[in-house]
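Here the structure is laid out as structure tokens; the discussion comes afterwards.
The values are calculated or read from the model by the stated rules, or taken from the named source; none is laboratory data. Please read all numbers here as calculations on a predicted model, not as lab measurements. When we count neighbours, we look across all protein chains shown, and the Cβ atoms used for this are built from the backbone with ideal geometry, even at glycine. Quick note on the areas: whole protein, heavy atoms, side chains included, nothing else; ligands and nucleic acids left out. Shrake-Rupley method; radii C 1.70, N 1.55, O 1.52, S 1.80 Å.
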Amino acid sequence: MSAPRFMRAVRITGHGGPEVLELTEVAVPAPRAGEVLVQVAAVALNNTDLWTREGAYGRPGDPKALSGWRGPIDFPRIQGADVAGRVVAVGSGVEGSLVGRRVVVDPAIYDTDGPDANPVGLMGSERDGGYAEFVTAPVERVHDVTESPLTDDQLAALPTAYGTALGMIERGRLRKGETALVSGASGGVGLALVQIARARGARVLAISSGSKVDAVREAGAHEVVDRAGDLAGRIRAAAPEGIDVALDVVAGELVGEGLPLLCEGGRWVIAGALAGYDVTFDVRRLYLHNAQVIGSSMHTPTHFGLLMDLARRAEVKPVIAATFPLDRAAQAQEELSRRGHVGKIVMRP
């Protein structure tokens, strides 16, 4: 296999709205030592794409500062963290047998080389990503899924959403028989949480809007409560003995309302702030009940390896809401921002 000299790519030229996305032609990147070149078959969209484009992550001490995932971005930047495709070339020091293999790329940039390393950067923010026909990646971040029965679209839907979900579940120490509360359950991470928590043997109580209840229940939720109205009252009625682990990508007022609903020793795991990052809660609900609030950012290499094992056995099956061609990246991101879909939005170069 060989790659052409040039490729189409969509990159952001600065922070802003969809208008900063530009379709352009750039040189195909050459894999450096220890890297592979992947021909992108599908790239999934995530909220991180929107927030990176908007510069919505803030910085320590300045929450309103324009920033990428973990700091300033070098523009122009090719977006896209979630890539499935095939290896078409390898750099020095990499086994040539990888060429032709079907792969998923772990998009995280880690702080160390260990199995429990923390992500401190992300493909599509701190390095170029998969809104392109080709992308390079370190060989240790490329996982062979050639034998997986999942489609390319489904495989591309896994890295950020399912990686984030598995990281939350692992850090929250969710066990078989426990009750898990999942917020934002119709989104990519939410559906992943529902599927993985159900596979762990937990009782899954999901929060969603009325129009999406059936789809969330189909994904594996034992019970779904409508987020409108008296949400805390509905949760209390559905789980009178309390919540063992809350898996939350919404935050905002839900944290303060929900903490009193935890069991003794319960864990509230937060990996998003769709409803706002400025949170107020009664701290007595923590120390009087030995509860914990846990921040969770994506996954570790160990978590991602577990996820790829699930993918090879098709024990998780992402729901694909819509597909777009690469030249409609702006429309795809606008569709994502409207949040009217259930599952993942994918682009095909």
### Task
Determine the pairs where a residue that is touching a residue at least 60 places away in the same chain (Cβ under 8 Å) and among the charged types (D, E, K, R), located within segment 188-201, has a partner that is part of a helix (DSSP H, G or I) and surrounded by 22 or more Cβ atoms within 10 Å (Cβ to Cβ) with Cβ atoms under 6 Å apart, the partner being 6 or more residues away or on another chain.
none
### Query
Are any residues in segment 188-204 open to solvent by 10 Å² or more (accessible area, probe 1.4 Å), more than 19 Å from residue 308 (Cα to Cα) and touching a strand residue (DSSP E or B) at 6+ places or on another chain (Cβ under 9 Å), and if so, which ones?
203
### Task
Looking only at segment 276-299, count how many residues are closer than 21 Å to residue 164 by Cα, among the hydroxyl-bearing types (Ser, Thr, Tyr) and either open to solvent by 60 Å² or more (accessible area, probe 1.4 Å) or at pLDDT below 95 (or both).
2
### Query
Of 92, 125, which residue is within 27 Å of residue 11 (Cα to Cα), in a loop (DSSP other than H, G, I, E, B) and in contact (Cβ under 8 Å) with a residue 24 or more places away in the chain?
125
### Message
Tell me the residue from 71, 80, 85, 130 that is within 19 Å of the chain's Cα centre (by Cα), among the small types (Gly, Ala, Ser) and not in a loop (DSSP other than H, G, I, E, B), please.
### Response
85
### Of the criteria (1) under 15 Å from residue 295 (Cα atoms); (2) under 20 Å from the mean Cα position of the chain (by Cα); (3) open to solvent by 20 Å² or more (accessible area, probe 1.4 Å), which one residue 246 fails
(3)
### Query
Can you name the number of the only condition in (1) assigned to a helix (DSSP H, G or I); (2) β-branched (Val, Ile, Thr); (3) open to solvent by 70 Å² or more (accessible area, probe 1.4 Å) that residue 302 fails?
(3)
## Note on the structure
In segment 38-83, anything buried (at least 17 other Cβ atoms within 10 Å of the Cβ) and free of Cβ contacts under 8 Å to residues at least 24 places away in the same chain is listed as 51, 56, 57, 67
